[in-house]
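Worksheet: the structure to be examined is printed underneath.
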Amino acid sequence: MAPGKSKNLSQLLKAKADAISSKERECVLMWDEMNSAEHDRSAQAGNHVLVFVLRGSQYNWRQHVAYYVSDNAVCGTQLSRIILDMLDYVEDIDFKKEKPYIERYERKIFYNYDTPHLLKCLRNNFRLHQMTVEGNNVSWDVMK
């Protein structure tokens, strides 16, 4: 599969969407950018990979739908464009949620969390940087 979105995959997913119930099509579009190890495979290979995955919210299924390779982390403006493009892609293949939010006091609330990733970032900050909390130093040595 080449970087980006695959037309062949979108045709297969569209056929799958037509064959399953609307409840089974309810899903979440997830993405993550990772540092990839360079193994001298190609002079054109980047060192970051941005991966998009669809995951069922009512049923246990997942499907990788696209990936992008870059030399550095994707900037916020470019990431925003890619995410909006991926949302259109997902809706075009009929994997959409009628109401992807909760309502509270007539306000739409969209939520997103990635607790394992937040904990990993917190751990990495403790390992790499000395922190001060309420005048006390917090270091990785203390955490061990």
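Tabulated data
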{"item": "Every pair of residues 6+ apart whose Cβ atoms lie under 9 Å, when the first sits in region 119-138 and is in contact (Cβ under 8 Å) with a residue 12 or more places away in the chain while the second is assigned to a strand (DSSP E or B) and of a type in the set (A, V, I, L, M)", "result": "F126/V138; V138/M131"}
{"item": "Residues that are assigned to a helix (DSSP H, G or I) and modelled with pLDDT of 85 or more, drawn from region 10-23", "result": "Q11, L12, L13, K14, A15, K16, A17, D18, A19"}
{"item": "Test set (1) at pLDDT 85 or above; (2) surrounded by 15 or more Cβ atoms within 10 Å (Cβ to Cβ); (3) not hydrophobic (A, V, I, L, M, F, W, C) - H64 fails condition number", "result": "(2)"}
{"item": "Every residue from region 45-95 that is hydroxyl-bearing (S, T, Y) and in contact (Cβ under 8 Å) with a residue 40 or more places away in the chain", "result": "S57, Y67, Y68, Y89"}
{"item": "Residue that is farthest from L13 (Cα to Cα), among those in region 57-96 that are part of a strand (DSSP E or B) and not hydroxyl-bearing (S, T, Y)", "result": "V69"}
{"item": "Lone qualifier among F95, F110 - being at pLDDT below 75 and out of contact with any His (no Cβ under 9 Å at 6 or more places or on another chain)", "result": "F110"}
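The values are calculated or read from the model by the stated rules, or taken from the named source; none is laboratory data. Everything quoted here is computed from the prediction, not taken from an experiment. FYI the Cβ positions are ideal-geometry reconstructions off the backbone, even for glycines, and counts take in every protein chain you see.
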